[in-house]
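Some notes on the structure that comes next.
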Amino acid sequence: MRLGSCLYQGNSVVFVESDGHYYLPSLQNAHATFWKDIQTLIADPKRDEKLAEFSPNKSCMVGLEDIQLLAPIPRPNKNIICMGLNYFDHIVEAADFAGRNAKTPKAPIVFTKSNFSVIGPGTPIPADPDISEQLDWEVELGVIIGKTGKAIKPEHVQDHIFGYTIINDISARDLQFAHKQFYIGKSIDGGCPMGPVIVSKDEIPNAQQLQLSCRVNGVDKQTGSTEQMIFDIEQIIVTLSKTMTLEAGDVIATGTPNGVGFARTPPEFLKSGDVVECEIESIGVLSNPVV
Ligand SMILES: O=C(O)C/C=C\CC(=O)C(=O)O
């Protein structure tokens, strides 16, 4: 199932996208409350049965012009948990830029992005030169946790995943490199475009074999495959959940391939008027203007 959140008549509700059409199951009687808030939906113990009961029908179909797409989880309950330097070619480009040798990390590099930085598809990414002159793009596969757990064993990881989305880990490189920790540079308001939908895991048989790419103004910047991750989704979830409870609705960004702006020659950054598009096979395209 492909689902997300949208504004309809001033209220945030869950939509289902099917064959290019949009449906608002909350307009029907069955489980109307369940379909209003995606975090409640994901955490509902009877979620899969209730989702299975829905079939697209005209009584709750709306036009794209009637809704405004939001991030699938418009305000996650906690920060987005992110993997840094999780693709070797990206480690190489970052090392070349810094004049050091490229080394594969022995353990996942983990940082977070503020949950307040999340924005939806089409929402402008603010480029304010008083805040940053080095806004960069990073296409990433986002994993949505579907079941709360601690110390999750490798063989149980799949039970804890709800689905997948696209994240653009917008990075203010001047702030990221000026401060010892990544948090400020990764968390500017509007710095976490997400969407356009969450695709439930049953529709993505192998999330470690998805093509991902990023374009700026139609020009290819990043291309890769999720099979290139150094720490795969299973290792990430096992590692994180060893020390912290992962809750239903948590969002994990799994790292980015090479082709980011700061490591280019000469470096390239986003500016007002640009359009940045992140695409992941089987999920779609997340497009945002820069203003
Ligand atoms: O060079 C470094 O140490 C870090 C540079 C970029 C990594 C990053 O932002 C990431 O998300 O990966």
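The values are calculated or read from the model by the stated rules, or taken from the named source; none is laboratory data. Note that this is a predicted model, so its numbers are computed, not measured. We place every Cβ from the backbone using ideal geometry, glycine too, and count neighbours over all the protein chains shown.
Before moving on, here are some points about what is shown:
- Per the listing LYS113, LYS153, LYS103, the residue uniquely modelled with pLDDT of 95 or more and touching a Cys at 6+ places or on another chain (Cβ under 8 Å) is LYS113.
- Failed item, numbered, when PRO129 is tested on (1) in the same structural domain as THR254 (by TED's automatic domain parsing); (2) assigned to a loop (DSSP other than H, G, I, E, B); (3) in contact (Cβ under 8 Å) with a residue 12 or more places away in the chain: (3)
- Qualifying residue in the range 238-261 (condition: more than 16 Å from the ligand (Cβ to nearest atom), crowded, with 18+ Cβ neighbours inside 10 Å, in contact (Cβ under 8 Å) with a residue 24 or more places away in the chain and under 14 Å from the mean Cα position of the chain (by Cα)): yes
The rows are residues; the columns are (1) within 22 Å of the chain's Cα centre (by Cα); (2) more than 12 Å from the ligand (Cβ to nearest atom).
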| residue | (1), (2) |
| --- | --- |
| CYS82 | yes, no |
| HIS90 | yes, no |
| GLU93 | no, no |
| PRO105 | no, no |
| ILE109 | yes, no |
| LYS153 | no, yes |
| HIS160 | yes, yes |
| ILE167 | yes, no |
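- Filtering the range 1-46 to residues that are within 18 Å of the chain's Cα centre (by Cα) and aromatic (Phe, Trp, Tyr) leaves only PHE15.
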